[in-house]
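Asker: Sharing a structure here in structure tokens format.
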């Protein structure tokens, strides 16, 4: 099997995660490259101001982005730049806290040979029974599904070179976490699918607690009134997202890619 490049995003201090990810991929016979993650905590004030707009964030999302979310997004952006400039048709992006088995190699092999018009295929979903718009077989035991709601994760995905370039068209300023932006297909215009059954799961360390979520919970408990206001903002955000999701699934001609194709 001819492999597209496989990258594992890893921070230099996370040596245990990298060792586990490397051992897993090597055992499966999947060649890979480690890709240095961006440490959002190390961003200077100037760098943060260049990439992040708190006013746009307040308008588009339910809470300010923390350093871990900025670092995660920047890590993927850096990889998209590399993929867009590479001659390979696409690449596989894995975050270092994944777990998998031999099914991954078969799924990747099928995707690398598939010429259908998908832009990105997610390799993991937290939802066990995600609603699919349509599905098709990629081979024995491998199905490709187009999810009604894009999985809220970037644990692992396959992306075509052209799609990486498209995501780089307007990357800044950042206003939402990367997976929240992926979910809004009507904004970026990509055709995002899901491998079924998903060949990735969360690693043992990730299962014990999301590091970004844990970082958000640190600190003093806010006053009740503030918590109530945040709850209301979360609800409005969720309802707004669902309204746009249902509208754009009912009227797909309104998304970015289809509008551009008609010009």
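The values are calculated or read from the model by the stated rules, or taken from the named source; none is laboratory data. Because the structure is a prediction, the values reported are computed rather than measured. Heads up, the Cβs are rebuilt from the backbone with ideal geometry, glycines too, and the neighbour counts pull from every protein chain shown.
Asker: Hey, can you tell me all the residues within the range 51-81 that are free of Cβ contacts under 8 Å to residues at least 24 places away in the same chain and not in a helix (DSSP H, G or I)?
Answerer: Going through the range 51-81, the residues free of Cβ contacts under 8 Å to residues at least 24 places away in the same chain turn out to be 54-55, 58, 64.
Across the range 51-81, the qualifying residue is only 64.
Asker: Scan 43, 74, 70 and give me the residue that is modelled with pLDDT of 95 or more, touching a strand residue (DSSP E or B) at 6+ places or on another chain (Cβ under 7 Å) and closer than 30 Å to residue 6 by Cβ.
Answerer: On the way: 43 fails: touching a strand residue (DSSP E or B) at 6+ places or on another chain (Cβ under 7 Å); 74 fails: touching a strand residue (DSSP E or B) at 6+ places or on another chain (Cβ under 7 Å).
Answer to the check: 70.
Asker: Specify which of the listed residues (104, 144, 108, 94) is within 16 Å of the chain's Cα centre (by Cα), buried (at least 21 other Cβ atoms within 10 Å of the Cβ) and modelled with pLDDT of 95 or more. Let's see the steps before the verdict.
Answerer: Numbers: 104 fails: within 16 Å of the chain's Cα centre (by Cα); 144 fails: within 16 Å of the chain's Cα centre (by Cα); 108 fails: within 16 Å of the chain's Cα centre (by Cα).
Answer to the selection: 94.
Asker: Consider residue 209 carefully, then state whether it is within 22 Å of the chain's Cα centre (by Cα) and either at pLDDT below 70 or surrounded by 11 or more Cβ atoms within 10 Å (Cβ to Cβ) (or both).
Answerer: Values: within 22 Å of the chain's Cα centre (by Cα): yes; either at pLDDT below 70 or surrounded by 11 or more Cβ atoms within 10 Å (Cβ to Cβ) (or both): yes.
Yes, satisfied.
Asker: Here is a follow-up. Note down all Cβ pairs under 6 Å where the first residue falls in the range 232-254 and is farther than 16 Å from residue 181 by Cα, the second is part of a helix (DSSP H, G or I) and modelled with pLDDT of 85 or more, and they're at least six residues apart or on different chains.
Answerer: Note: pairs meeting the criteria are 254/248.
Asker: Given the conditions (1) at pLDDT 95 or above; (2) assigned to a helix (DSSP H, G or I), and given that residue 215 satisfies all but one, which numbered condition is not satisfied?
Answerer: Of the numbered conditions (1) at pLDDT 95 or above; (2) assigned to a helix (DSSP H, G or I), the odd one out for residue 215 is (1).
Asker: Let me ask something additional. Given the condition within 25 Å of residue 41 (Cβ to Cβ) and modelled with pLDDT of 75 or more, answer yes or no: does some residue in the range 188-200 qualify? If you could, list the steps in order and put the result at the bottom.
Answerer: Here is the first cut: in the range 188-200, the residues within 25 Å of residue 41 (Cβ to Cβ) are none.
No: the range 188-200 contains no residue that is within 25 Å of residue 41 (Cβ to Cβ) and modelled with pLDDT of 75 or more.
Asker: Also, quick follow-up: Whether any residue in the range 115-137 is more than 30 Å from residue 52 (Cβ to Cβ), under 17 Å from the mean Cα position of the chain (by Cα) and either exposed (fewer than 15 other Cβ atoms within 10 Å of the Cβ) or at pLDDT 95 or above (or both) is what I want to check.
Answerer: We begin by selecting, within the range 115-137, every residue more than 30 Å from residue 52 (Cβ to Cβ); these are 115-118, 128-137.
Going one step further and asking which of them are under 17 Å from the mean Cα position of the chain (by Cα), we end up with 118, 130.
Those still in the list that are either exposed (fewer than 15 other Cβ atoms within 10 Å of the Cβ) or at pLDDT 95 or above (or both) too: 118.
Yes; the residues of the range 115-137 include at least one that is more than 30 Å from residue 52 (Cβ to Cβ), under 17 Å from the mean Cα position of the chain (by Cα) and either exposed (fewer than 15 other Cβ atoms within 10 Å of the Cβ) or at pLDDT 95 or above (or both).
Asker: Return the pair list, or none, for Cβ contacts closer than 8 Å from residues in the range 99-122 that are touching a residue at least 24 places away in the same chain (Cβ under 8 Å) and at positive phi to residues that are crowded, with 22+ Cβ neighbours inside 10 Å and not in a helix (DSSP H, G or I), at least 6 apart or on different chains.
Answerer: The qualifying pairs do not exist here.
Asker: Which ones in the range 17-40 are loosely packed, with under 13 Cβ neighbours inside 10 Å and either modelled with pLDDT under 95 or assigned to a loop (DSSP other than H, G, I, E, B) (or both)?
Answerer: 29, 31 - these are the residues of the range 17-40 that are loosely packed, with under 13 Cβ neighbours inside 10 Å and either modelled with pLDDT under 95 or assigned to a loop (DSSP other than H, G, I, E, B) (or both).
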